[in-house]
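Reading through the structure tokens given below for one structure.
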């Protein structure tokens with residue numbers, strides 16, 4: 001068994017994790033959550049989204065979050081379209097994420113555009129931003145399955161990733177949006193992406209709907225992936241993907257890797273402290289294995 005010495009965790013809790021919460025979580029709590037994550041050792045993070053508050057009210061404080069982002073880490077803000085980009089450009093943030101669904105049906109539900117229409121809008125924007133020194137992360141939704149169309153072909157996912165790579169994106173975040181992928185499917189897709197696009201950073205993004213995320217992460221690791229998205233507390237879900245549960249929990253991913261002798265750079269006890277900041281404000285209890293067991297042990301002391 002060949003394992004890397006180190007992996008990188010991209011924390012998505014403040015953005016992908018909180019976006020599905022119906023009631024607004026106050027900005028002070030979000031900022032403290034982010035600061036505690038940094039204190040735990042997180043070095044890369046999606047912190048917010050410049051999406052219309054009409055569609056995702058939780059993100060209405062995006063500018064405030066970006067303007068107070070921690071120094072010394074890689075903070076990324078998601079922009080869904082040119083309007084979102086215009087809002088981001090009013091700040092000094094130069095790391096952005098864009099997203100497109102491989103599935104047309106999902107993309108229409110998400111941004112009211114076909115996949116092709118989204119690409120025709122985004123590709124010129126990306127090319128322009130790269131000339132200005134921006135870091136661009138392309139998030140590929142429904143890379144395995146779509147809640148409306150079913151299984152998505154590897155060929156279609158790879159083709160979309162290739163288009164993004166051609167205009168110079170720095171990273172691809174490839175997502176099992178509804179948590180239906182199996183470890184075999186994970187290994188096959190990420191092996192193909194590593195063969196096709198060997199010079200670009202690729203992150204695996206798994207939701208834990210069917211409790212397969214850790215197995216899928218291990219399969220992606222075997223395919224050569226060493227960057228993984230996760231959400232502290234396993235919080236999240238997609239407003240436009242019925243049935244999708246939260247992201248894989250950062251603490252469970254860190255625990256697995258560290259037990260395997262793979263360095264994540266994250267202090268798991270401090271990570272639990274970060275989750276404690278936001279947990280009382282969530283609509284559901286934290287369900288991750290490590291967090292629940294830690295809390296149970298403390299309660300029994």
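Odds and ends about this structure:
- Flag if residue 162 is touching a helix residue (DSSP H, G or I) at 6+ places or on another chain (Cβ under 7 Å), at pLDDT 95 or above and surrounded by fewer than 20 Cβ atoms within 10 Å (Cβ to Cβ): yes
- Search result, residues across the stretch 155-183 that are assigned to a helix (DSSP H, G or I) and in contact (Cβ under 8 Å) with a residue 12 or more places away in the chain: 156, 157, 158, 160, 161, 162, 163, 164, 165, 183
- So residue 92, is it surrounded by fewer than 19 Cβ atoms within 10 Å (Cβ to Cβ), closer than 27 Å to residue 207 by Cα and touching a helix residue (DSSP H, G or I) at 6+ places or on another chain (Cβ under 9 Å): no
- Pairs with Cβ under 8 Å, 6+ apart, first in the stretch 34-47 and crowded, with 23+ Cβ neighbours inside 10 Å, second at pLDDT below 95: 46/16
- The set of residues in the stretch 1-16 being at pLDDT below 95 and buried (at least 19 other Cβ atoms within 10 Å of the Cβ) consists of 16 alone.
- Filter pass, residue 87 being over 21 Å from residue 236 (Cα atoms), modelled with pLDDT under 95 and assigned to a helix (DSSP H, G or I): no
- Hits in the stretch 95-110 (condition: part of a helix (DSSP H, G or I) and buried (at least 20 other Cβ atoms within 10 Å of the Cβ)): 106, 107, 110
The values are calculated or read from the model by the stated rules, or taken from the named source; none is laboratory data. This is a predicted model, so every value here is computed, not measured. No Cβ is skipped: glycine too gets one built from the backbone with ideal geometry, and neighbour counts run over all protein chains shown.
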